[in-house]
Amino acid sequence: MTTADHGRLGFGVLQFFSWPGRRIPPEAVYSRALERIDIMERSGVYDAVWLAEHHFTTYSVSPSVSMMGALVAARTERLRIGTAVSLAAMHHPLRLAEEIALLDVVSGGRVNWGAGRGNDPTEFRVFGLDLERSYALFRENVEVVLGAWRQERLTHRGRFHSFEDIEVLPKPLQRPHPPVWLAASSPEAVAWAAGAGYSILMDPHSTHAAIGSKYRAYRQGLADAGHPVDGRVIPMARLIAVAPTDEEAREIALRGARWTLGSLSDPSRRDYSRSIRPAGARAAGHDSRDRAERYADDVVIHGSPARVAEHIRALKEEIGLHYLLCAPLSHASFLLLTREVIPKLL
């Protein structure tokens, strides 16, 4: 997946490894996720599974996307293996380059590399990062990883790292390297990625309207900087709740909203107040919904299979959605999405 056919929707799954309430053994979290990936492989409707990296939280207990990716590679043949994302500021860049390249080799060239800075305050504290340093370190680490893949031997002299004549092995099977995306949530990050010519991954927590606004700004930023605009695959991550009826689906969406907002409750992690702020008449004080209701209605795609399919079609027209990075809020939602929604949209 390197170029987009905007007349046809593409689909991947953003696979979290959530452990809500620690109600099941941790090994069950992984076995259930791998069972879902088996269904994805057999269904043929998904392009890729994108694996989330997080540390020190039950929000997602998968600290190593390269290890999890190797498991996926061993049990699939067609499905691409994305990282959404490798937390590049929290790794030594040469070690990261080695591990992702190795995954690309053992998977037969099926890696999509998504990299991000991260923003969890606990992760930042444990890994010794602060806001200003993390931006610069993330960008330099991405530069080092790409240099290690592109160059036979790497010499690099930067603010954080200096290497002299290092041969990083193995090289990726995909040459010069796997396709690359950078996570970009804030307008500043979107503008920087566009100016540098990177493709981006768009986050699951902004409202649909905000995603559309940032995507338009990104495309304008690419054009202003003289980079190609058309033909890029820009995955837009969306939380999804599907059930036999609209009412049942909204209840799933509300439960997912409460869990997500609760597990990410530290305001330094994500600025939900800005991304979920009502627009138009609601902003004038007429919105009686609580925070979880606004999140469910403005961020989550939810409804019966027919309603979800129609909502996805509408987002294609309204915000330019062409690659939906699905984050189902329940296993039942995933099954209905796979069997009754996506086949109608292909």
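Tabulated data
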{"item": "Condition broken by VAL142, with the remaining ones in (1) over 28 Å from PHE56 (Cβ atoms); (2) among the aliphatic types (A, V, I, L, M); (3) surrounded by 21 or more Cβ atoms within 10 Å (Cβ to Cβ) satisfied", "result": "(1)"}
{"item": "In the range 181-206, residue nearest to LEU329 (Cα to Cα) [restricted to those that are out of contact with any Pro (no Cβ under 9 Å at 6 or more places or on another chain) and polar (S, T, N, Q)]", "result": "SER206"}
{"item": "Criterion: within 21 Å of ALA148 (Cβ to Cβ) and either in a helix (DSSP H, G or I) or in contact with a Phe, Trp or Tyr (Cβ under 6 Å, 6 or more places away or on another chain) (or both) - qualifying residue of LEU102, LEU71, LEU34", "result": "LEU102"}
{"item": "Pair list, Cβ under 9 Å, 6 or more apart: the range 165-193 residue closer than 22 Å to VAL105 by Cα, other residue at pLDDT below 95", "result": "PRO179/MET1; PRO179/THR2"}
{"item": "Hits in the range 297-312 (condition: among the β-branched types (Val, Ile, Thr), in contact with a helix residue (DSSP H, G or I) (Cβ under 6 Å, 6 or more places away or on another chain) and part of a loop (DSSP other than H, G, I, E, B))", "result": "VAL300"}
{"item": "Residues satisfying the stated conditions in the range 170-198, i.e. more than 20 Å from GLY118 (Cα to Cα) and either modelled with pLDDT under 95 or assigned to a helix (DSSP H, G or I) (or both)", "result": "GLY195"}
{"item": "Out of GLU167, GLU152, sole residue that is in contact with a strand residue (DSSP E or B) (Cβ under 8 Å, 6 or more places away or on another chain) and either at pLDDT 95 or above or at positive phi (or both)", "result": "GLU167"}
{"item": "Any hit, the range 33-51, residues being among the hydrophobic types (A, V, I, L, M, F, W, C), farther than 21 Å from LEU239 by Cα and in contact with a helix residue (DSSP H, G or I) (Cβ under 7 Å, 6 or more places away or on another chain)", "result": "no"}
{"item": "In the range 48-57, the residues that are farther than 14 Å from ALA73 by Cα and buried (at least 17 other Cβ atoms within 10 Å of the Cβ)", "result": "ALA52, GLU53, HIS54, HIS55"}
{"item": "Of all residues making up the range 122-139, the number that are surrounded by fewer than 14 Cβ atoms within 10 Å (Cβ to Cβ), more than 22 Å from the chain's Cα centre (by Cα) and free of Cβ contacts under 8 Å to residues at least 60 places away in the same chain", "result": "4"}
{"item": "Per-region count, the range 61-84, residues within 15 Å of the chain's Cα centre (by Cα) and over 25 Å from PRO25 (Cα atoms)", "result": "3"}
{"item": "Qualifying residue in the range 74-94 (condition: of a type outside the set (Ser, Thr, Tyr), in contact (Cβ under 8 Å) with a residue 60 or more places away in the chain and assigned to a helix (DSSP H, G or I))", "result": "yes"}
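The values are calculated or read from the model by the stated rules, or taken from the named source; none is laboratory data. Since the model is a prediction, treat every value here as computed from it, not as a measurement. Cβ coordinates were reconstructed from backbone atoms using ideal geometry, including for glycine residues, and neighbour counts include every protein chain displayed.
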